[in-house]
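Quick note: the coordinates plus some simple rules give every number you see, no bench work behind them. Quick caveat, the model's predicted, so the values are computed rather than measured. Note that we place each Cβ from the backbone using ideal geometry, even for glycine, and neighbour counts take in every protein chain shown.
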Amino acid sequence: MNNRIRYRLFDIPLSERNLCFFDLETTRLDLKAEIIEIGAIRVEPKEFRILNELELKIKPEKISEADPEGLAISGYSDGDWMEAVALEDGVKTFLEFAEGTVLVANNLPFDWMWLQKAVEDLNLQPTYFFKGLDIFSLAWLKFKAEPHTEPLAANLSLKQLATYFNVDMGKHHRALDDARTAYNIFLKLTE
């Protein structure tokens, strides 16, 4: 990204920035993981209307090192990933989609870490704002003072929050469905 774009990102008032609800699926949960799926929803900031959606399957380079249980959870199959894109193409597509947005996810640090690692490994520059919103943090604020939700407050996982708010998760651990779930939980938390 050139400096012109970088500085332009700081010129956009926060109240006018679109939100990008996103989720990544990986081949495992440790630092050897590869991103295998990116799901994102771009939302306008006033009424939180969905503007666009993005779903990308990413071709893993080291599938033999993947955790079979992790692959099963995320629904990976060689057949479904036949037309997957290379990581660089997928990350570039996501960066274009998310330009100027505030990133939003449940357990934002996890997804942001993998995204940032991919951006840096590919010698790319982030196009999204340097601060984000975590659904977990918003839920913690809501539930910390409500004793009847103590079991929920112990984890605040996407699944627990979806169950609590009666949000249809679609296919859990599919990136776009999890991004949609985070978006719908966000709507409930901001009512």
- Query: Say the dipole of the chain comes from +1 at the beta carbon of Lys and Arg and -1 at that of Asp and Glu; which of Leu115, Phe94, Pro126 then lies farthest toward its positive end?
  - Reply: Pro126
- Query: By its C-alpha gyration tensor, with a ≥ b ≥ c as the square roots of the eigenvalues, how is the stretch 3-134 shaped: rounded for a/c under 1.5, else prolate for a/b larger than b/c, else oblate?
  - Reply: prolate
- With -39,500 (n - 2.57) per DSSP H segment of 4 or more residues and division by the full residue count of the chain, the 222 nm estimate, nearest 500 deg cm²/dmol, is -11500 deg cm²/dmol
- Item | Antiparallel %, DSSP beta bridges [both residues in the stretch 3-134], to 5 | 70
- Query: trypsin sites (Lys or Arg not before Pro), restricted to the stretch 93-191: which are DSSP loop and have at most 13 other Cβ atoms within 10 Å?
  - Reply: Lys131, Lys144, Lys171
- Segment Ile50-Asp78, length gained on full extension (0.36 nm per residue, minus Cα span): 7.0 nm
- Item | Lys, Arg +1 and Asp, Glu -1 on Cβ, resulting dipole of the stretch 3-134 about Cα centre, debye, nearest 20 | 660
